[in-house]
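Participant: Below is the structure I would like to discuss, written out as structure tokens.
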Amino acid sequence: MNARASKYLLILLLLFVPATLLAQGGGEGYSSSLGPDNMAAIRKPNWNFGIVLNGGTGLFQDSDAQLASGGVRIGRVLTGEHGGGFLRGTLEWNAEFLPVDYVVWSGDGIYGIGVNPVIVKWNFTGEQSSTKRRRTVPYFLGHTGVLWSARNVPPGDTSRFNFRSGAGVGLNYFFKPGRSVNIDLRAVHFSNASLGNKNPGINAALELSIGYNWWRD
């Protein structure tokens, strides 16, 4: 990874770590009515907000592509709990705005801005009677979004505008009512949908995402 990419990753870390530490010290208004069940906020319709940091790499013939992005997230649990047993859970919508969305292709760093307006999650909350003291909620997600870059991605006669989509798995850890950290692993596909003369895209990439989240009651 070149010096410019390292600089952007350092900026993301410097933004993410202090914000996480600051968040742990306040915000009583978000959790005052959640009670002793740390997972209460994810069991019913509810807004949540967060900061997010992503990093990944292309696979196979696209292994010379690296990805790094950071920004903010908004989400809402859309339903109460449905189903039974392990599959019991809630449906959630998220959107991410990524003002730093950086692609390194064969050592060539390209700055961009990304938006993932549709991230749909199924949160596996489990049966209430057996999970009251649980702190972790696994989830499955599907996502789609766009990337606008300062130069063509991949370099060449392609396009500055790319679509991305994929699926992933992850979990939320509620360390106290109204606060969680999450981590997920996403499979990602990039394509410019033939907006450019060539559309090599990124057929397959893996991206790790971590976040810190505030949940409103």
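Each reported figure results from applying straightforward, stated rules to the coordinates on display, with no laboratory input. In this text, all values refer to a predicted model and were calculated from it rather than measured experimentally. Cβ coordinates were reconstructed from backbone atoms using ideal geometry, including for glycine residues, and neighbour counts include every protein chain displayed.
Participant: Whole-Hz ³J(HN,Hα) for each residue in the range 38-49, computed from phi via Karplus 6.51 cos²θ - 1.76 cosθ + 1.60 with θ = phi - 60°, x for glycine and proline: what do you get?
Facilitator: 4, 8, 4, 5, 8, 8, 8, x, 6, 8, 8, 9
Participant: Around N192, which amide H atoms from residues at least 5 apart in sequence, or from another chain, sit under 5 Å from its own amide H, with H modelled in the peptide plane?
Facilitator: Hits under the 5 Å cutoff: F163, G201.
Participant: Could you work out the relative contact order of the range 94-217? I mean the mean sequence separation of Cα pairs under 8 Å and 6+ apart, divided by the number of residues, in percent.
Facilitator: After rounding, I find 19 percent.
Participant: So, one more: Figure the gain on full extension for F140 and F161 (residue separation times 0.36 nm, minus the Cα-Cα span) and round it to one decimal in nm.
Facilitator: On the way: separation 21, 0.36 × 21 = 7.56 nm, distance 2.72 nm.
4.8 nm is the gain from fully extending F140 to F161.
Participant: While we're here: Evaluate the charge dipole of the range 56-150 about its Cα centre and quote only its size in Debye, nearest 20, assuming +1 on the Cβ of each Lys and Arg and -1 on the Cβ of each Asp and Glu.
Facilitator: It comes to approximately 720 debye.
Participant: On to the next question. Any idea how far apart S106 and H189 come out in nm if each label point goes 7 Å out from Cα toward Cβ?
Facilitator: Rounded to a tenth, the inter-label distance reads 2.4 nm.
Participant: Report the extension gain between N203 and L78 in nm, rounded to one decimal, defined as 0.36 nm multiplied by the number of residues separating them, less their alpha carbon distance.
Facilitator: Stretched fully, the N203-L78 segment lengthens by 41.8 nm.
Participant: Set the Förster radius R0 to 45 Å, insert the Cβ-Cβ distance between Q61 and R216 as r into 1/(1 + (r/R0)^6), and round the FRET efficiency to 0.05.
Facilitator: 0.55
Participant: Further question: Which order do the peptides 111-118, 48-55 come out in when sorted by mean C-beta neighbours inside 10 angstrom, highest first?
Facilitator: Result, highest mean Cβ count within 10 Å first: 48-55, 111-118.
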